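Report on the structure given below.
The values are calculated or read from the model by the stated rules, or taken from the named source; none is laboratory data. What you are looking at is a predicted structure, and each value in this text was computed from that prediction instead of being measured. Here the Cβ is made from the backbone with ideal geometry for all residues, glycine too, and neighbour counts use every protein chain on show.
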Amino acid sequence: MSVPPVLGIITRADLTVLRAVATVRTAWLTHLMLDVNAALASPWTMRLVPWATIAVLVAFRRFRHLAAYLVIILAAALLVSVMTLEIGRMRPAGIGILGPWQGYAQPSRPVVTLALALVGVLYTLVPAGRWRNRGKWAAAAILAAFCAARLYLAVDHPTDQVTALIIGWPLAVVAFWLTVPNDAFPVSYRGGRKAHLDIGGRRGAAIVTALDHQLGLAVTGVEPCGLEASAGSTPLRIQVRGPDGGTTTLFGKLYALNHLRSDRWYKLARTVIYGRLEDEKPFSTVRRLVEYEDGLLRLMRDAGLPTPRPYGFAEITPEREYLIVMEFFEGAQEIRNAPVDDRVIDDALRVVRRMWDAGIAHRDIKPSNILVRDGHVLLIDVAFAAVRPTPWRQAVDLADMMLTLALASTPEHVYERALSVFAAEDVAEAFAACRSITIPNQLRSLMRADERHLTGRFRQLAPKRSPVPVQLWDIRRVAVTAGLIAALAAAVVLFDIYLSAAGLL
Amino acid sequence: MTPRRQTRRHHRRAVRGPLSALLTTVMLAAAATLTGCAGFGDTVPGCGDPLRLAIIAQSVPSASYLPCIRSLPQGWSTSGFDPSQDGTSFLLNSDRSPGQPVTVRLTATCTTGGAGPSPPRAPGVLTYTRLGSISPRFAGRLYDVFPGGCVSYTFDFALGSQIALMEQFEEAVGLYPRQQLRLVLKQKLGVELNP
């Protein structure tokens, strides 16, 4: 058996340091160091901090940070296990070990665990800047006290702790930088939807560059707008310098992978709870989503519908982030905030009629997607629109539009105006097809806040018609439901394995 | 290269590459470990690797012998190596006795009451066996008692295979003299084992 000479040198150097530390051993100091070591190395501390971190990340729905945290904890645990077994180093020899220990010495597992727990808190829960910087000092002080106690007790060699600190601090920090860079995924408690991406830093610069290179737009400013009404993308107001030197405002929607995933989960949940509605197909990629919306904007424009003029879309990060650009309706108000007179009601109903005639369904008719300017209705957010939809889907558009108008008027008046554009049977079919699931969330919550039972009133006004069934039971729905239950069970088992591997049990 | 292509290349490298690489590496490592394919080697020190045996010696500073793996017969593996200030324990698993590993434990003392003497396994070692049952399972405990320490082996085998399995695990675990380890550590690392 050959031993590298450097191993002997390192061991002797470590022991020299430990012997020097041991010269200051006194009874009261030993008690103090045992208490410090017991408090910080206890299984409670080692599990409490990671579990609390996980709980806070789940509570704030910061799932990307959570995924990064779980992966980094697991990677570090595996790395430490491999190193521990490969190196197989004994505890300090020739000196009295005063504290409890377990397993090989190099790297020091308790030091790695505590450092990782503290760095995890700092980089997933504490906002960057002043608070994180203060937190770093506090974490460093805790780690210093812990390492000093373990050296005093001669439980670890100094080099065991150095290796542990390298894994638990700088390596972990680099891993957090790579997986959740602060520019793209800042830790913030200012509220707002998690679907909205931060458009500062590198992403902001990339947006300006992409719009210049790909769409030839000289951007002078980008700012978020209308965030409260949007959950599926990050809406932006884009200031552009025109060829004449004047400034134009455009509207942009930044789509990312998380929007696509949210859409998939949303549609999967609807499939399980209600049965798949006939035209609820999720998009396969972000690129497909923006291609589709851009194409529909052009189609609806050609059909004479009052939708924004399309300017194309730019690729921010291939297959991950795309920005679709369109006309910004300057001076337009959401229909909730605009006066709704007969002109507006008629115009809104004619928009639905035009969609029917053009063979298009908007599929997301709600107040935030209907703007009014100079008494004319404008339609936005066509991402979920469908071409050649079923009559059922077109009927739902009419019902949603009439409900939206009735919020600002009365069902009787809206019904009366509708009869000048649609047949009474069309209205009857619209409300026979109208169910809770077919009404967009915003419209549904506004209807709940309204004391009138709008749907029921419209049904009374329209000719009698049997309801159109929405709950569709088919083999696919049964299979998806069973698959989801199996996947949940598998996830529980895998999480249990993960907890064992990561040392969190 | 056009500016557009430059932008694409930059983003692939700067944002997507490291993240994908990190996640892929970690997932592969996790999968390899969780499925037992990582090949980290046996966790229990072999008798030919005295530097790793030192941690066992530190777990019971008085023990004059240390349990180690001499050679594992076909179908046997080790797991659960756990040295601490209270002693050392590990498991010997046989594919002929699934779910019933032999638990090997080194402690400073042990109680051998009711156990009968067996042929000693090393010079200066007293070996005892106590059978808890013979049928339907062949279960009990074997003790190697020596100055300053004791190694106990708890076994529970199905009838029929017990003779071969007993022979195999006794052959697998050797006893390494502490005095010899002390000399090796002094020679190789220049350190004294005990204070």
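Evaluation of B:LEU131 against the conditions (1) without any contact (Cβ under 8 Å) to a residue 24 or more places away in the chain; (2) not in a strand (DSSP E or B) shows that the sole unmet condition is (2). Residues in segment A:318-356 that are assigned to a helix (DSSP H, G or I), in contact with a strand residue (DSSP E or B) (Cβ under 8 Å, 6 or more places away or on another chain), among the β-branched types (Val, Ile, Thr) and farther than 24 Å from A:ARG388 by Cβ: A:ILE335, A:VAL344.
Condition check ((1) touching a residue at least 60 places away in the same chain (Cβ under 8 Å); (2) surrounded by 11 or more Cβ atoms within 10 Å (Cβ to Cβ); (3) closer than 30 Å to A:LEU268 by Cα; (4) touching a Leu at 6+ places or on another chain (Cβ under 8 Å)) across all residues:
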| residue | (1), (2), (3), (4) |
| --- | --- |
| A:ARG417 | yes, yes, no, yes |
| A:ALA424 | no, yes, no, no |
| A:GLN442 | yes, yes, yes, no |
| A:HIS453 | no, yes, yes, no |
| A:GLN471 | yes, no, yes, no |
| A:ALA479 | no, no, yes, no |
| A:GLY483 | no, yes, yes, no |
| A:LEU488 | no, no, yes, no |
| A:VAL493 | no, no, yes, no |
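Of the listed requirements (1) in contact with a Ser or Thr (Cβ under 7 Å, 6 or more places away or on another chain); (2) in a helix (DSSP H, G or I); (3) of a type in the set (A, V, I, L, M), A:LEU98 misses just one: (2). When the test is whether a residue is within 14 Å of chain B (Cβ to nearest Cβ) and either under 30 Å from A:ALA77 (Cβ atoms) or not small (Gly, Ala, Ser) (or both), A:LEU407 does not pass it. The residue that is nearest to A:TYR292 (Cα to Cα), counting only those in segment A:384-407 that are of a type in the set (Gly, Ala, Ser) and out of contact with any strand residue (DSSP E or B) (no Cβ under 8 Å at 6 or more places or on another chain), is A:ALA395. So for segment A:361-376 (the condition being over 25 Å from A:LEU257 (Cβ atoms), in contact (Cβ under 8 Å) with a residue 60 or more places away in the chain and assigned to a helix (DSSP H, G or I)), does at least one residue qualify? Among the residues of segment A:361-376, at least one is over 25 Å from A:LEU257 (Cβ atoms), in contact (Cβ under 8 Å) with a residue 60 or more places away in the chain and assigned to a helix (DSSP H, G or I), which makes the answer yes. Being in contact (Cβ under 8 Å) with a residue 60 or more places away in the chain, among the charged types (D, E, K, R) and part of a loop (DSSP other than H, G, I, E, B) is the requirement here; does A:GLU315 meet it? The answer is no for A:GLU315. Selection of segment A:458-469 for residues being polar (S, T, N, Q) and free of Cβ contacts under 8 Å to residues at least 24 places away in the same chain yields only A:GLN460. All of A:LEU74, A:LEU79, A:LEU116 fail the test of being closer than 24 Å to A:VAL36 by Cα and of a type outside the set (Gly, Ala, Ser), apart from A:LEU116.
The residues of segment B:82-106 that are hydroxyl-bearing (Ser, Thr, Tyr), under 18 Å from B:GLY140 (Cα atoms) and not in a loop (DSSP other than H, G, I, E, B), listed by number, are B:SER89, B:SER94, B:THR103.
Can you tell me which residue in segment A:37-52 is nearest to the chain's Cα centre (by Cα), limited to those that are of a type in the set (S, T, N, Q) and more than 14 Å from chain B (Cβ to nearest Cβ)? So the residue we want is A:THR45.
Pairs are defined by a Cβ separation below 6 Å, a sequence spacing of at least 6 or placement on different chains, a first member in segment B:179-195 that is more than 9 Å from every other protein chain (Cβ to nearest Cβ), and a second member that is part of a loop (DSSP other than H, G, I, E, B); the pairs so defined are B:ARG182/B:LEU193.
Each row is one residue, and each column tells you yes or no for (1) within 14 Å of chain B (Cβ to nearest Cβ); (2) surrounded by fewer than 20 Cβ atoms within 10 Å (Cβ to Cβ); (3) at pLDDT 90 or above.
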{"site": "A:GLY120", "(1), (2), (3)": "no, no, yes"}
{"site": "A:GLY129", "(1), (2), (3)": "no, yes, no"}
{"site": "A:ASP156", "(1), (2), (3)": "yes, no, yes"}
{"site": "A:GLN161", "(1), (2), (3)": "no, no, yes"}
{"site": "A:ILE166", "(1), (2), (3)": "no, yes, yes"}
{"site": "A:VAL180", "(1), (2), (3)": "yes, no, no"}
{"site": "A:ASP183", "(1), (2), (3)": "yes, yes, no"}
{"site": "A:ARG193", "(1), (2), (3)": "no, yes, no"}
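If I filter segment A:50-62 for residues that are outside any helix (DSSP H, G or I), on the phi > 0 side of the Ramachandran plot and surrounded by 12 or more Cβ atoms within 10 Å (Cβ to Cβ), do I get at least one hit? No, that holds for no residue. Residue under question is A:GLY8, and the condition is that it be at the interface with another protein chain (Cβ under 10 Å from one of its Cβ atoms), over 30 Å from A:PRO181 (Cβ atoms) and in contact with an Asp or Glu (Cβ under 8 Å, 6 or more places away or on another chain); does it hold? Judged against the criteria, A:GLY8 is not a match. With modelled with pLDDT under 95, buried (at least 19 other Cβ atoms within 10 Å of the Cβ) and either part of a loop (DSSP other than H, G, I, E, B) or touching a Phe, Trp or Tyr at 6+ places or on another chain (Cβ under 9 Å) (or both) as the only criterion, which of A:LEU85, A:LEU40 stands out? Exactly one residue qualifies, and that residue is A:LEU40. Residues in segment B:69-81 that are surrounded by fewer than 17 Cβ atoms within 10 Å (Cβ to Cβ) and assigned to a strand (DSSP E or B): B:SER77, B:SER79, B:GLY80. Against the numbered list (1) free of Cβ contacts under 8 Å to residues at least 24 places away in the same chain; (2) within 28 Å of A:GLY204 (Cβ to Cβ), A:ASP302 comes up short only at (2). Annotation note: of A:ALA433, A:ALA423, the sole residue that is modelled with pLDDT under 95, out of contact with any Phe, Trp or Tyr (no Cβ under 9 Å at 6 or more places or on another chain) and of a type in the set (Gly, Ala, Ser) is A:ALA423.
Restricted to segment B:157-195, and to residues there that are at pLDDT 90 or above and not in a helix (DSSP H, G or I), the residue that is surrounded by the fewest Cβ atoms within 10 Å (Cβ to Cβ) is B:PRO177.
If you filter segment A:384-397 down to residues that are under 32 Å from the mean Cα position of the chain (by Cα) and buried (at least 22 other Cβ atoms within 10 Å of the Cβ), you find that the one that is nearest to A:PRO310 (Cα to Cα) is A:ALA385. The single residue among A:ARG241, A:ARG261 that is surrounded by fewer than 21 Cβ atoms within 10 Å (Cβ to Cβ), charged (D, E, K, R) and at pLDDT below 80 turns out to be A:ARG261. Looking at segment B:42-68, which of the residues that are outside any helix (DSSP H, G or I) and β-branched (Val, Ile, Thr) is farthest from the other protein chains (Cβ to nearest Cβ)? Going through the qualifying residues, I end up with B:VAL60. Out of A:LEU70, A:LEU78, A:LEU34, A:LEU74, one residue alone is part of a helix (DSSP H, G or I), under 22 Å from A:LEU151 (Cβ atoms) and within 14 Å of another protein chain (Cβ to nearest Cβ). It is A:LEU34.
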